[in-house]
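J.: Take a look at this one; I'll ask things after.
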Amino acid sequence: MNILDMTYGMGRYVGRLFADLGAVVTRIEPPGGLPDRGSPSCDGEAMHGPAVYEFEFLNASKDSRVIDLQSGEGRSLFAGLAESAQVVLLERGGPLYDELAWLSSIAPSAVITSISPFGRTGPWADAPATDLTLQAAGGIAWLSGRLDNAPLRLPGSQTAMITGVYAGVATSIALYDSLAAGRGHVVDVSAQECIAHSLQNSIQMWDFEKKISMRGGEGTRDASEDMFACKDGLIFLAAPRTLGVSWNSLVAWICETGHPAGAELSTERWADRVWRLGGEAKRILRETIESFTCQYTKQELTQEAIKRKVVMAPVNTVRDVLDDPQLQYRNYFEQMSLAHCGASVQFPGAPYRLSEPVWSVSPSSPLGAATVPR
């Protein structure tokens, strides 16, 4: 399957997903490259810049071909490639985004997926946007962080990731029909709408309970449902009264150690579910629990919690994830050499395992590396 990819920002993950599954994805780039080629070079310290690794992740396994679409020769060359392409990926501000009619005429059976911040129509169709403003406009920033602080932008290029997932699914559905019926499709993807569709259970909360979701939950979160400090970082605990096993096992565990927190958590007020929802309970529980958890590491707490059926888990840093024994046992990470700068990095592997070895990943191609049609 041939896919022509002209995305450079929030649309890049779409082509990456198809390339993972064996599609030939070729970035069509103008002389000098698409805008994301402007990331820091891999010389010296700059090779460790986050933008470089973001580029590598989102463009892994893709070819690159330089075509000057401003010239008649270039357009003719592109038209020849488009005739045999099953999918063409566009992004607002990129090549051919404003030439849907011409694209449809030269590739009438292809799926043309158009990705933009707010969609092709509507009062915000041409509005400027960034990952930050899209997270805010889509609503996810409102749900991120704590209620007593400001909304937060989720780290990383979350807009590109969630838009890529939705655009990939929509493209796949359209492609299924295109291959079966021989007709083309134009898929109009709005990043704002992708984010708005991914607000945890906020829409359902309004539909069923007429509650507006907030940071920290819907205003009913138990004092125990939070992150707490331990000896080497943070752990997440959930031991509300509705989870009797988790709470009772937690209190029994603390009492067995002889720690004074056990006496406090055994008092009658901790059986009051309403009181446990208030600020005083949350403050007291944090002080009490952390006086206990700060004696132990994340690993020690997690192992003991598993044995006792306490709902608890380590809050892993990126370094922790890279060293995770479960991921290492399953050979999740792959060592990859980035050809254009010589760096060797641990690269995320397949998030699923198929009975046939379909999934694969390789470094992104240098600009213009694909010199012949694929």
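J.: Net charge near Gly122, counting Lys/Arg +1 and Asp/Glu -1 over other residues with Cβ under 15 Å of its Cβ?
T.: Net charge around Gly122: -1.
J.: Number of Lys-Lys pairs in the chain under 28 Å by Cα, sequence gap 8 or more or different chains?
T.: 11
J.: Compare Ala160, Ala125, Ala110 in a GNM of the chain, Cα atoms joined below 10 Å, and give the one with the largest fluctuation.
T.: Judging by the Gaussian network model, the answer is Ala125.
J.: Something else now. With labels modelled as points extended 7 Å from the Cα through the Cβ direction, what inter-label distance (nm, one decimal) is found for Asp323 paired with Ala252?
T.: Between Asp323 and Ala252, the simple spin-label model gives 3.3 nm.
J.: Figure the gain on full extension for Trp359 and Leu277 (residue separation times 0.36 nm, minus the Cα-Cα span) and round it to one decimal in nm.
T.: 24.9 nm
J.: Full-extension gain between Lys231 and Glu268, please, as 0.36 nm times their residue separation minus the C-alpha to C-alpha distance.
T.: Full extension of this stretch gives 10.4 nm more.
J.: How high is the FRET efficiency between Gln200 and Ser84 when r is their beta carbon distance and R₀ equals 51 Å, given to the nearest 0.05?
T.: Step by step, r from the Cβ atoms, then E = 0.75.
J.: Return the percentage of antiparallel bridges among DSSP beta bridges fully within the chain, rounded to the nearest 5 %.
T.: 40 percent
J.: If you stretched the chain out fully between Leu152 and Arg330, how much longer would it get, using 0.36 nm times the residue separation minus the C-alpha to C-alpha distance?
T.: 60.7 nm
J.: Moving to a separate point now. Before anything else, pin down the relative contact order of the stretch 164-295: Cα pairs under 8 Å, at least 6 apart, normalised by residue count, whole percent.
T.: 20 percent
J.: Give the calculated FRET efficiency between Thr121 and Tyr352 to the nearest 0.05, with a Förster radius of 45 Å applied to their Cβ-Cβ distance.
T.: Computed FRET efficiency for Thr121 and Tyr352: 0.80.
J.: Moving to a separate point now. Rolling a 1.4 angstrom probe over the protein heavy atoms, how many square angstrom per residue are accessible across the stretch 1-117?
T.: 36 Å²
J.: Taking only Cα atoms and a 10 Å spring cutoff, compute GNM fluctuations for the chain and point out the largest among Pro108, Pro155, Pro314.
T.: Evaluated over the chain, the most mobile residue of the options is Pro155.
J.: In the Gaussian network model of the chain, springs joining C-alpha atoms below 10 Å, which of Leu96, Leu81, Leu354 carries the largest mean-square fluctuation?
T.: Of Leu96, Leu81, Leu354, the most mobile in the Gaussian network model is Leu354.
J.: On average, how much area does the Cα convex hull of the stretch 251-345 cover when viewed from any direction, in nm²?
T.: If you wrap the Cα atoms of the stretch 251-345 in a convex hull and average its projections, you get 9.4 nm².
J.: Are there trypsin sites (Lys or Arg not before Pro) in the stretch 300-336 that DSSP puts in a loop and that have at most 15 other Cβ atoms within 10 Å, and which ones?
T.: Lys309, Arg330
J.: List the equivalent ellipsoid semi-axes of the chain in whole Å, largest first, each obtained as the square root of 5λ for an eigenvalue λ of the Cα gyration tensor.
T.: 48, 24, 18
J.: Let me ask you something else. Just add up the charged neighbours of Asn149: K/R +1, D/E -1, any other residue whose Cβ is under 15 Å from the Cβ of Asn149.
T.: In short, +2.
J.: Give me the one-decimal nm value for the distance between modelled label points at Glu304 and Val186, 7 Å along each residue's Cα-to-Cβ direction.
T.: 6.3 nm
J.: Now for a different question. Which value in deg cm²/dmol, rounded to the nearest 500, describes the helix-derived mean residue ellipticity at 222 nm for the chain, given -39,500 (n - 2.57) per DSSP H run of n ≥ 4 and division by the residue count?
T.: -11000 deg cm²/dmol
J.: Net charge near Gln295, counting Lys/Arg +1 and Asp/Glu -1 over other residues with Cβ under 12 Å of its Cβ?
T.: Neighbour charge sum, excluding Gln295 itself: -3.
The values are calculated or read from the model by the stated rules, or taken from the named source; none is laboratory data. Just so we're clear, the structure is a prediction, and the values are computed from it rather than from any experiment. No Cβ is skipped: glycine too gets one built from the backbone with ideal geometry, and neighbour counts run over all protein chains shown. When the accessible area is computed, the model is the full protein with side chains, heavy atoms only, and any ligands, DNA or RNA have been set aside. Shrake-Rupley method; radii C 1.70, N 1.55, O 1.52, S 1.80 Å.
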